[in-house]
1. Top mean-square fluctuation among 53, 98, 157, Gaussian network model of the chain, C-alpha springs under 10 Å?
2. Under 13 Å Cα-Cα from residue 167, which aspartates and glutamates qualify once same-chain neighbours fewer than 8 residues away are excluded?
3. Does region 25-69 come out rounded, prolate or oblate, given a ≥ b ≥ c as the square roots of the eigenvalues of its C-alpha gyration tensor, rounded meaning a/c under 1.5 and, failing that, prolate meaning a/b above b/c?
4. Would you mind ranking 238, 68 so that the residue whose beta carbon has the fewest other beta carbons within 10 Å leads the list?
5. Quick one: work out Rg over Rh on the C-alpha atoms of region 90-209, Rh as Kirkwood radius.
6. For 130, 230, what ranking results if the residue with the fewest other Cβ atoms within 10 Å of its Cβ goes first?
7. Any lysines with Cα under 20 Å of the residue 174 Cα? List them, leaving off those in the same chain fewer than 8 positions away.
8. Provide Rg and Dmax in Å for region 25-249, with only Cα atoms included in the calculation.
Amino acid sequence: MKDIKFIIFFSFFFSFGSMMYAQLTPQEVIQTAEDKLRGTSSEAIMKMTIVRPKWSREIELQAWSRGEEFSLIKITSPARDKGIVFLKRGKEIWNWQPSIERMIKLPPSMMMQSWMGSDFSNDDLVRQSSLITDFDHKFLPEKLVDDRMCYVIELIPHEDAAVVWGKVIMWIDKKDFLQLKSEFFDEEDYLVNTIYGKEVKLFGRTLLPSKLEVIPEEEEGNKTLIEYMSLTFDTPLEESFFSIQNAKRIK
């Protein structure tokens, strides 16, 4: 009788755990993945490689973030771009150009434009739009990506949202909530580009893809790769760090 009770208890326990796990909404899956990627704050050193059929170019940069509202990216190499800064404060995006000593506020119309000549857009790098509040979400059938079973979530922007995409589809690993693939479509439902998360590594205690690769759909031979050289979370960053004044003088 004890054995039967034991089996019934654990059958119920695991069934209940599975039901709780299955109750995650698409928004909760995305939020968990986003929170894991950012932490309460983060600091990173990255290398971006722009690949074209006849040439390639490398850009090195530092990046800081605090929650969803604040981020700052500074170009450290090559020399001709050194000191260029991109600052996000809420929904506002600013660009400091040291060569002309001018801070420029980017209008929403520029979010779709190429970032530093790469296949990433301005919106990809500073993510002006919110994946949670600016979209409606629904689950699509689960699929495998790199031998990891993934939630597949379709995101459709709200009519009044300042979003450059007509649709986004995300593949998020069910076990570790890794963003392994994202497809971005225009307003006519044509695939524009695909971003892959590759080479999963531990950064401190956090497991994340160490490389992001974007491949434009209609430009054969083009791609852009961002590699995290270092990534730390929950470093003390005050809101004042993300000021326009600090963006002009950050070292």
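Laboratory data are not the source of any read-out in this text; all were calculated from the coordinates shown. Worth saying up front: this structure is predicted, and the values here are computed from it rather than measured. All Cβ positions, glycine included, derive from the backbone under ideal geometry; neighbour counts span all protein chains shown.
1. Among 53, 98, 157, the largest mean-square fluctuation in the Gaussian network model of the chain belongs to 53.
2. Within the straight-line limit of under 13 Å, residue 167 reaches these aspartates and glutamates: 134, 136, 154, 159, 183, 186, 187, 188, 189.
3. On the way: a/c = 4.79, a/b = 1.86, b/c = 2.58.
Since a/c reaches 1.5 but b/c is at least a/b, the shape of region 25-69 is classed as oblate.
4. Going from least to most buried by this count: 238, 68.
5. 1.01
6. 230, 130
7. Reachable lysines: 36, 138, 143, 198, 201, 211.
8. 17.0, 51
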